[in-house]
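Data first, discussion second: the structure below is written as structure tokens.
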Amino acid sequence: METMEYAHGRSRSGSSTSAPASLVVLVSSLVIVAAPACVAPEEDEPFVDTASFAYTVPAKGTATTLDVAGWNLEWFGDASRGPTNDTLQRQNAYDVISGADMDLWGVQEIVSVSQWNTLKSQLAGYAGFLSNDPIVTNGSSYYTTSEQKLGFLYKTSVATVQSARVILTAYDYEFAGRPPLEVKLSVTLNGTTDNVIVIVLHMKALADSASYLRRLDASTALKSYLDTNHPTQKVFVVGDFNDDLDGSISGNPTPYANFLADTADYHFATKALTDANISSTSSGGATLDHHLVTNELALALVPGSVEAYKVSTFIPSYASTTSDHFPILSRYTWAAAKPAQVVINEICANEPGSSVTGEFVELVNIGGLPAPLDGWTISDTTSVRHTFAAGTTLAPGKSLVIFGATSAIPAGTPNAIGSSTSNLGLANAGDAVYLRDATGTTKDSFSYPASLAAVDGVSMNRSPDAAESATFVLHTALVAAGSSPGTRANGAAF
């Protein structure tokens, strides 16, 4: 397939080429060619009766799971590239999407807005938009009507869009002129509502060294963005990644090794396709299209649900009439949110300087619901050191830091309070910290040895950070900083 990339008023020789050459939940696929200098406005096509080439595609989605799909719809609606019969391509796309019955679709290579709007109007129960739609923040600045665009479709009975925007625009070049589309959603299934984020992306194509390095830099930028901005959110990244997971099509290591190495935070659902040597394209070869999810979704993945849906079985001449990529599907269980669970995440027993009021205990709610802390206490082996005031609540995924005294809270520390006794009394020679609810039931505790309180200003922190079954280590074993009250160990916000 001929490829094209787009410039959006950015120099290709300046800083846009200097993103870090390292690794980095959306829908991806890459393309490269010179964009036409002038494209006439699109006109509605004359009516064509498509009933004679409608096909039945079996359903893959279910009523009780969240069903996610990504699909590169090769040059969809383009008059001169991709499948030659745009009306037939649109009808086949309708047959696949309506038949597969998935809840969410991230699509790539949508060119014709009018063909997209027609397709969308025919899909009963679905709504959607393209990356240049007015509702998409930054969209029209990076996507025009005549070029390939990212798109998103969703069942209105399942999801409500909260916001949409084009992200990582500083890496426009690394993403081949197609920066990712991020959609924030409220999803309701089985009587349970929760928020998710879908990122649709289309990575740089081709096996040459320069293209590989751009994918590598885009992957690095993407992971940094997710680590910093969505450390506890449920995120799907779907699309044409234009490379595989067990090695690059360029002969180098996979550009997505950074995600694969961070097993605590990310999971490639489509690694199963790579491991089984299942291609995502009609021409065979590597698995180029993927679904990446954050750890908040990894355990919800339905075993055996990941599939490169070979709809060529149902649609004759699929590769020449519809697309050179197959839809990639995955399904996820959807249950009630995990109950609130508050853990002790960081303890500073050996305060910086000589004032013991600088001691602190950091709590994190790693559950999925708010945690009411009315009447809860923090104690050491000697006595109760803090009692939480009525009305104190800790939101899911957030932290609360209790310092020895309010006067010791460093400027800018988020969500911090002073202890009700003005003294946490944590011993450097070893002690224990207990978190108990209003009934006196211990919700979490940690007995620490002197070795974890031996250095002034260095705290002890869970490793991995904010993980339920983690052990405590010196903060300097995680990062150079001695402590991180109110933020993740790496300084990112909770």
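The values are calculated or read from the model by the stated rules, or taken from the named source; none is laboratory data. All of these numbers come straight from a predicted model, not from anything done at the bench. Cβ: placed from backbone, ideal geometry, glycine included. Neighbour counts: every protein chain shown.
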Considering the range 417-467 alone, what residues qualify as being closer than 13 Å to THR387 by Cβ, small (Gly, Ala, Ser) and in a loop (DSSP other than H, G, I, E, B)?
SER419, SER420, SER422, ALA438, GLY440
Where residues in the range 385-416 are part of a strand (DSSP E or B) and either farther than 11 Å from GLU359 by Cα or of a type in the set (Gly, Ala, Ser) (or both), which of them is farthest from the chain's Cα centre (by Cα)?
ARG385
What number goes with the only condition from (1) modelled with pLDDT under 95; (2) touching a Ser or Thr at 6+ places or on another chain (Cβ under 7 Å) that SER469 does not pass?
(2)
Residues in the range 86-130 that are under 28 Å from the mean Cα position of the chain (by Cα) and polar (S, T, N, Q) total 4
So for the range 429-438 (the condition being among the β-branched types (Val, Ile, Thr), surrounded by 15 or more Cβ atoms within 10 Å (Cβ to Cβ) and out of contact with any helix residue (DSSP H, G or I) (no Cβ under 9 Å at 6 or more places or on another chain)), does at least one residue qualify?
yes
Given the structure, is ALA300 within 22 Å of VAL158 (Cβ to Cβ) and under 17 Å from the mean Cα position of the chain (by Cα)?
yes
In the range 448-478, what residues are over 13 Å from ILE347 (Cα atoms) and within 24 Å of the chain's Cα centre (by Cα)?
PRO464, ALA467, GLU468, SER469, ALA470, LEU478
Could you go through the range 299-309 and let me know if any residue there is of a type in the set (Asp, Glu), in the same structural domain as GLY77 (by TED's automatic domain parsing) and buried (at least 16 other Cβ atoms within 10 Å of the Cβ).
yes
Scanning the range 160-180 residue by residue, those among the charged types (D, E, K, R) and either closer than 16 Å to ALA205 by Cβ or part of a loop (DSSP other than H, G, I, E, B) (or both) turn out to be ASP172, GLU174, ARG178
Using the structure shown, decide if ALA411 is surrounded by fewer than 16 Cβ atoms within 10 Å (Cβ to Cβ) and in contact with an Asp or Glu (Cβ under 9 Å, 6 or more places away or on another chain).
no
Kindly provide the set of residues from the range 196-230 that are among the small types (Gly, Ala, Ser), over 13 Å from LEU292 (Cα atoms) and surrounded by 21 or more Cβ atoms within 10 Å (Cβ to Cβ), ordered by number.
ALA205, SER211, ALA218, ALA221
